[in-house]
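Written below as structure tokens is the structure these notes are about.
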Amino acid sequence: MEKTTTQKLAGFLKILVVTTFICNLTILPFVPGIVGMGSEYGLWGAAEKLEVLGTESGPLVFLVVCWQYLFRVWRSQYTAVLTLFLVVCGICTAVILWQAKGVLDTVLEGEPFRKKNSVSMNRAAKCCFVISAVALVRVLWRLLYFHSPASLFSYNTLFVPLFAMGGLLCMVISALFRQAAELKEENDLTI
């Protein structure tokens, strides 16, 4: 059977989602090390330090240096909060991507109107709300930590409404999938 345009697009999107998911899971364990290196040397200083150590064994050196900072990151309030924020966001993003993969799988099968898609979108919505809440906590923490309204002009402040709206959108799509699945079941029973 010939694939529809929607199924071809879903196949391409699934490749992108799975690739992003794998990259997310690959980098997630190194977040504390990256935050530690960035806080100690600055972003460009950490890159220069890794360059000096050698390019032939670059990935191995990166792993060793990254794990060296794994426990140092918890000594400072700022780096600990940043690390927790990034890890929670990374985990929630991985869950959102996995739910998107599940929805795309049903589109590829030609049966997108299933209740499991409603459940997947509901999980994605909850993860969006968690990211929004964690971003709000980090914005408030930065305001108290730095005693400056300049903290309001950061990506964290943008995350709060952005992911709250994303969560609401996922909830609407979840309700639509649930309603469509119920209508499909009723239609299948009447035939």
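The values are calculated or read from the model by the stated rules, or taken from the named source; none is laboratory data. All values reported here derive from a predicted model rather than from experimental measurement. Positions of Cβ are backbone-derived with ideal geometry, glycine not excepted, and every protein chain shown enters the neighbour counts. These accessible areas exclude ligands, DNA and RNA; they are computed on the full protein's heavy atoms, side chains included. Shrake-Rupley method; radii C 1.70, N 1.55, O 1.52, S 1.80 Å.
Observations on the structure shown:
- Extended-chain gain in nm, criterion 0.36 nm per residue less alpha-carbon gap, E2 and E40: 8.1 nm
- FRET efficiency for T190 and K116, using Cβ-Cβ distance with R0 set to 30 Å, rounded to 0.05: 0.85
- Under 24 Å between alpha carbons - lysine pairs in the chain that sit 8 or more apart or on different chains: 21
- HN-Hα J in Hz across the stretch 15-24 - Karplus 6.51, -1.76, 1.60, θ = phi - 60°, x for Gly and Pro: 4, 5, 5, 5, 4, 5, 4, 5, 4, 4
- Normalised by the number of residues in the chain, the mean separation of alpha-carbon contacts (under 8 Å, six or more apart) gives a relative contact order of 23 percent.
- Relative contact order (%) - criterion: Cα under 8 Å, at least six apart; region: the stretch 95-191: 38
- Pairwise FRET efficiency - D105 versus L158, Cβ, R0 = 35 Å, nearest 0.05: 0.65
- Sorted largest first by accessible area at a 1.4 angstrom probe radius, with every protein chain in place, the residues I96, I91 fall in the order I91, I96.
- Distance (nanometres) between label positions extended 7 Å along Cα→Cβ at V18 and M165: 3.2
- The ellipsoid equivalent to the alpha-carbon distribution of the stretch 84-191 has semi-axes of 37, 13, 8 angstrom, derived from the gyration tensor eigenvalues as √(5λ) and listed largest first.
- Evaluated at q = 0.16, 0.19, 0.23, 0.31 Å⁻¹: base-10 log I(q)/I(0), Debye formula over Cα of the stretch 113-172: -0.53, -0.65, -0.81, -1.11
- Within the chain, the cysteines lacking any other cysteine Cβ closer than 4.7 Å to their own Cβ are C23, C66, C89, C128, C170.
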